[in-house]
1. Which one of these does residue 78 not meet: (1) free of Cβ contacts under 8 Å to residues at least 40 places away in the same chain; (2) surrounded by 13 or more Cβ atoms within 10 Å (Cβ to Cβ); (3) not small (Gly, Ala, Ser)?
2. Suppose we filter 68, 76, 120 for residues that are out of contact with any Gly (no Cβ under 6 Å at 6 or more places or on another chain) and under 22 Å from residue 151 (Cα atoms); which single one remains?
3. Mind listing just one residue for me: the one in segment 56-78 that is more than 19 Å from residue 126 (Cα to Cα) and in a loop (DSSP other than H, G, I, E, B) and, of those, farthest from the chain's Cα centre (by Cα)?
4. Taking the options 99, 49, name whichever one is modelled with pLDDT under 95 and surrounded by fewer than 18 Cβ atoms within 10 Å (Cβ to Cβ).
5. Quick check on segment 138-147. Is at least one of its residues among the charged types (D, E, K, R), without any contact (Cβ under 8 Å) to a residue 24 or more places away in the chain and not in a strand (DSSP E or B)?
6. Pairs please, first residue from segment 105-125 and under 15 Å from residue 70 (Cβ atoms) and free of Cβ contacts under 8 Å to residues at least 24 places away in the same chain, second anywhere and of a type in the set (Val, Ile, Thr) and not in a loop (DSSP other than H, G, I, E, B), Cβ atoms under 6 Å, 6+ apart in sequence or on different chains.
7. Does residue 106 fit the bill of being modelled with pLDDT of 95 or more, surrounded by fewer than 17 Cβ atoms within 10 Å (Cβ to Cβ) and not in a helix (DSSP H, G or I)?
Amino acid sequence: MSTSASVGVHVHRQPVRFGDCDPAGIVYYPRFLHFFHEAMETWFHEKLDYPYEEVILGQKIGFPSVHCEADFRIPCGLGEVLAVELRVTKIGRSSIHFDYRVRTFGEPASPLRLRGATVCVVMDLNPESATFRRPLPIPEGLRARIEGFMAAGEPPA
């Protein structure tokens, strides 16, 4: 069963540093995929109360992207601070669909700078498992936290 909704929003603060930019001082486009991933990592900790490193190292579950897209509207440059807004738009048996919107941090009404999306698959990272590097069903505890975020913006108690 899949759920489609998008109520919860996680905002990741992302300063634009020298190493993020091309010679023109504009964020080099592949860096946004890295920013999306950083937003996902902080979402695990801040909104799901589930540290990303515990999921990766402790449970040996990964979340590789299997689809990425981005539409660039307004260039972002060196010294700016961006708000990378993460929303979960769909949760499948073993996939999570994320929507990202990038604006100027601290200015919620600022124009949309970029919109992106990724689809991540839950993957077994245990090399001793018969399903190593294959998709896994989303663990029920994690699914409940994600669904809670989608419905109310916070994980269930």
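The values are calculated or read from the model by the stated rules, or taken from the named source; none is laboratory data. Note that the structure is predicted; figures quoted are calculated from it, not measured. Counting neighbours? That spans all protein chains shown, and the Cβs are built from the backbone with ideal geometry, glycine included.
1. (1)
2. Numbers: 68 fails: under 22 Å from residue 151 (Cα atoms); 76 fails: under 22 Å from residue 151 (Cα atoms).
Unique residue meeting the criteria: 120.
3. Applying the first criterion (more than 19 Å from residue 126 (Cα to Cα)) to segment 56-78 yields 66-78.
Narrowing further to those that are in a loop (DSSP other than H, G, I, E, B): 73-76, 78.
On the way: 73: 20, 74: 21, 75: 21, 76: 19, 78: 22 Å.
So the residue we want is 78.
4. On the way: 99 fails: modelled with pLDDT under 95.
Checking each option against the conditions leaves just 49.
5. Start the filter on segment 138-147 by keeping residues that are among the charged types (D, E, K, R), which leaves 140, 143, 145, 147.
Now restrict to residues that are without any contact (Cβ under 8 Å) to a residue 24 or more places away in the chain: 140.
The next check asks that each one be not in a strand (DSSP E or B); those that pass are 140.
Looking through segment 138-147, at least one residue is among the charged types (D, E, K, R), without any contact (Cβ under 8 Å) to a residue 24 or more places away in the chain and not in a strand (DSSP E or B).
6. Here the result reads none, with nothing in segment 105-125 linked to a residue that is of a type in the set (Val, Ile, Thr) and not in a loop (DSSP other than H, G, I, E, B).
7. Numbers: modelled with pLDDT of 95 or more: no; surrounded by fewer than 17 Cβ atoms within 10 Å (Cβ to Cβ): yes; not in a helix (DSSP H, G or I): yes.
So residue 106 fails the test.
Matching residues to (1) closer than 22 Å to residue 83 by Cβ; (2) crowded, with 17+ Cβ neighbours inside 10 Å; (3) in contact (Cβ under 8 Å) with a residue 12 or more places away in the chain:
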{"site": "23", "(1), (2), (3)": "no, no, no"}
{"site": "31", "(1), (2), (3)": "yes, yes, no"}
{"site": "35", "(1), (2), (3)": "yes, yes, yes"}
{"site": "43", "(1), (2), (3)": "yes, yes, yes"}
{"site": "54", "(1), (2), (3)": "no, no, no"}
{"site": "62", "(1), (2), (3)": "no, no, yes"}
